[in-house]
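*Asks:* Here you go, one structure.
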Amino acid sequence: MRIVDIKIEKLRINLKKPFKIAFAVQDYADNVIVKVVTDEGYFGLGEAAPFAPVTGETADGVVETLKLFKSCLIGMDPLNIEGIHTLMNRLIVGNTAAKAAIDIALYDIKGKILSQPLYKVLGGYDNKIQTDMTIGIDTPENMAMEAKQRVNDDGFRILKVKAGINPSEDIKALQLIRKAVGDDIRLRVDANQGYCVNDAIAVLKEFEKIGVEAVEQCLPYWNLDGSKLIREKVNLKVMLDETIHSPMDAAKACKIDAADILNIKLMKCGGLYNALKINAIAEANNVRCMVGCMLESKIAITAGASLVAAKKNITEADCDSFMYCSDPENGMKGGFEIDKDIFTLLDKPGLGIEFDF
Ligand code: MG
């Protein structure tokens, strides 16, 4: 089987309301979708969700990178995923969202050839995941109100609260949220690199009292030693996100015991191929994983959710971003069914998404 064409198209995703984190505010995302076409009638869908502050990529840059990949990948066997990643890495360093788009499409093709859903191709452990819902930064009062709505109206049982701009406001927000949602709701926090080591230790000790179970990326992405130090001083789980792009980053973090949980994102690591490696490294070091997302449509979200379901060591899912979109389906039927915070992956080949372009 040979790749005969790769279609590349930009996809604008508009959000219901602006989404604020420690270092950015977004009210839309410009993503890029691909369709990898083979000479035997199979095709695979993929998506790049570039986020410049994290992956260093823009949508225009992704389109150019994908054109470069297209010029070299035509004629290759789509099942030679190892060879295609090797070639992409030789052509250009980084550019992990563009690589993820190709990677997801290749795994979609693999599932279609095998006539198996992606979660079975990747490991097959389960077909369901429970996702959290993220609360963006706002006034503590507004955050508590939104948290209550998400729990009472939408049925979410795990909330991920954005923080990292103002430590005392963060503590106030978490106190009000806990009061608003009660003790049974699991809370985690994402500081998105916003704290220094001293602030992080002080704030996390307050979060402990509120029953926050885990805090993600307290420190700037480069401060791996600081993360180890924080982990020694607090009694909640320390997660790393922006620090962990590649399997090598995961190996370094595990080697010095810098994290309890690693947040894998397909856009940071270049797709499922490297995500599987990161999870294997983590599991061998007794570290658990979560799969998170950028502002992604159902194509990349289905790939991420399939990975969570497939793997026993990936115990947490933050696969909520498409639900902030004004049009969550974006014309893409399938992938999974949603019941409150549970996604059930469809037993359809590959991603199981009905969408063509
Ligand atoms: Mg994060």
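*Asks:* Using a 1.4 Å probe over the heavy atoms of the protein chains, calculate the carbon and sulfur portion of the accessible area of region 120-354 as a whole percent.
*Replies:* On the way: 4240 of 8960 Å².
In region 120-354, the share of accessible area belonging to carbon and sulfur is 47 percent.
*Asks:* From the C-alpha coordinates alone, can you work out the Kirkwood hydrodynamic radius of region 3-114, in Å? Mind dumping the intermediate values first?
*Replies:* Values: mean 1/r = 0.0689 Å⁻¹.
Hydrodynamic radius (Kirkwood, Cα only) of region 3-114 equals 14.5 Å.
*Asks:* Which whole-number value in Å² is the accessible area per residue of the chain, probe 1.4 Å?
*Replies:* Working: 14100 Å² over 357 residues.
Ligands and nucleic acids excluded, the figure is 39 Å² per residue.
*Asks:* In whole Å, how far is the Cα centre of region 182-260 from that of region 298-357?
*Replies:* Taking the Cα centre of region 298-357 as reference, the centre of region 182-260 is 27 Å away.
*Asks:* Output the relative contact order of the chain, whole-number percent, from Cα pairs under 8 angstrom with separation of 6+ residues. Don't skip to the answer; put the middle values down first.
*Replies:* Working: 837 pairs, mean separation 69.1, N = 357.
About 19 percent, as a whole number.
*Asks:* To the nearest 10 square angstrom, how much accessible area does SER115 have with a 1.4 angstrom probe?
*Replies:* That residue has around 80 Å² of solvent-accessible surface.
*Asks:* Can you give the charge dipole size of the chain about its Cα centre, rounded to the nearest 20 debye, using +1 on the beta carbon of Lys and Arg and -1 on the beta carbon of Asp and Glu? Let's see the in-between values first.
*Replies:* Numbers: 44 positive and 51 negative charges, 96 e Å.
So the magnitude is around 460 debye.
*Asks:* Ok, one more. For a quick check, take a GNM of the chain with Cα springs below 10 Å and name the residue from CYS218, CYS196, CYS319 with the largest mean-square fluctuation.
*Replies:* Highest fluctuation among the options: CYS196.
*Asks:* If amide H atoms are built 1.01 Å from N in the plane of the peptide, which residues on other chains or at least 5 residues away come under 5 Å of the amide H of VAL161?
*Replies:* Placed amide hydrogens put ILE135, ARG188, VAL189, ASP190 under 5 Å from VAL161.
*Asks:* Across every pair of different alpha-carbon atoms, what Kirkwood hydrodynamic radius in Å does the chain reach? Before the final figure, lay out the partial values.
*Replies:* Working: mean 1/r = 0.0493 Å⁻¹.
Final number for the Kirkwood radius of the chain is 20.3 Å.
*Asks:* Under the rule of -39500 (n - 2.57) per DSSP H run of 4 or more residues, summed and divided by the residues of the chain, what mean residue ellipticity at 222 nm is obtained, to the nearest 500 deg cm²/dmol? Write down the numbers at each step before the final one.
*Replies:* Details: 13 runs with 145 residues, N = 357.
Taken over the chain, the calculation gives -12500 deg cm²/dmol.
*Asks:* Give me the one-decimal nm value for the distance between modelled label points at SER168 and THR86, 7 Å along each residue's Cα-to-Cβ direction.
*Replies:* 5.8 nm
*Asks:* At what distance in angstrom do the alpha carbon centres of region 101-124 and region 1-43 lie from each other?
*Replies:* Rounded to whole Å, the Cα centres lie 18 Å apart.
*Asks:* Let me ask you something else. Read phi for every residue in region 345-350 and hand back ³J(HN,Hα) as whole Hz from Karplus 6.51 cos²θ - 1.76 cosθ + 1.60, θ = phi - 60°, with x for Gly and Pro.
*Replies:* Computed from phi, the couplings for region 345-350 are 6, 6, 8, 10, x, x Hz.
*Asks:* Continuing with the same structure: Mind listing which trypsin sites (Lys or Arg not before Pro) in region 268-354 are in a DSSP loop and have 13 or fewer other Cβ atoms within 10 Å?
*Replies:* Details: sites: LYS268, LYS277, ARG288, LYS298, LYS311, LYS312, LYS333, LYS340; in loops: LYS311, LYS312, LYS340.
For trypsin sites (Lys or Arg not before Pro) across region 268-354 that sit outside H, G, I, E and B with at most 13 neighbouring Cβ atoms in 10 Å, the list reads LYS312, LYS340.
The values are calculated or read from the model by the stated rules, or taken from the named source; none is laboratory data. Small disclaimer: the values here were computed from a predicted structure and weren't measured. Glycine also receives a Cβ, built like all others from the backbone with ideal geometry; neighbour counts cover every protein chain displayed. Ligands, DNA and RNA are excluded from the accessible area calculation, which covers all protein heavy atoms including side chains. Shrake-Rupley method; radii C 1.70, N 1.55, O 1.52, S 1.80 Å.
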